[in-house]
Amino acid sequence: MAIERKPIRRGGIRTAGYDRSARVLEIEFDNGNVTQYSGVGEEIARRFLASSSPGSYFKDNIDEEFSARRVK
């Protein structure tokens, strides 16, 4: 599954993208790791992608709330 990611470049996050039909949020971190989080609702993904503080939003709402699979 190829998810188109957009630049974030804040809070330790380089890029991120969301696949609405699969409910998967894909995040590329500054260290080069790419992780997919499954079961993420559209509203949470939208708020994360629009956040002025994506690192904090990620830690508070995504990091330990959804199952993660490292893809790179």
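What follows draws every value from the coordinates through simple rules; no lab data is involved. What you are looking at is a predicted structure, and each value in this text was computed from that prediction instead of being measured. Every residue, glycine as well, gets a Cβ built from its backbone with ideal geometry; the counts of neighbours run over all protein chains shown.
Condition check for Val71 on (1) loosely packed, with under 14 Cβ neighbours inside 10 Å; (2) over 12 Å from Ile3 (Cβ atoms): one failure, at (2). When Glu65 is tested against (1) touching a residue at least 12 places away in the same chain (Cβ under 8 Å); (2) in contact with a helix residue (DSSP H, G or I) (Cβ under 9 Å, 6 or more places away or on another chain), exactly one condition is not met: (1). Kindly provide the set of residues from the stretch 11-43 that are under 17 Å from Glu64 (Cβ atoms) and part of a loop (DSSP other than H, G, I, E, B), ordered by number. Once the filter is applied, which keeps residues that are under 17 Å from Glu64 (Cβ atoms) and part of a loop (DSSP other than H, G, I, E, B), the stretch 11-43 yields Gly11, Gly12, Asn33, Gly39, Val40, Gly41. Filter the stretch 49-68 down to the residues that are surrounded by 14 or more Cβ atoms within 10 Å (Cβ to Cβ), among the polar types (S, T, N, Q) and in a loop (DSSP other than H, G, I, E, B) and list them by number. Ser51, the sole residue that qualifies. For the stretch 25-35, filtered to residues that are within 17 Å of Tyr57 (Cβ to Cβ) and under 10 Å from the mean Cα position of the chain (by Cα), the residue that is surrounded by the fewest Cβ atoms within 10 Å (Cβ to Cβ) is Thr35.
The single condition among (1) part of a helix (DSSP H, G or I); (2) surrounded by 14 or more Cβ atoms within 10 Å (Cβ to Cβ) that Arg46 does not satisfy is (2). Would you call Gly11 among the small types (Gly, Ala, Ser) and surrounded by 12 or more Cβ atoms within 10 Å (Cβ to Cβ)? Here the answer is yes, as Gly11 does meet what is asked.
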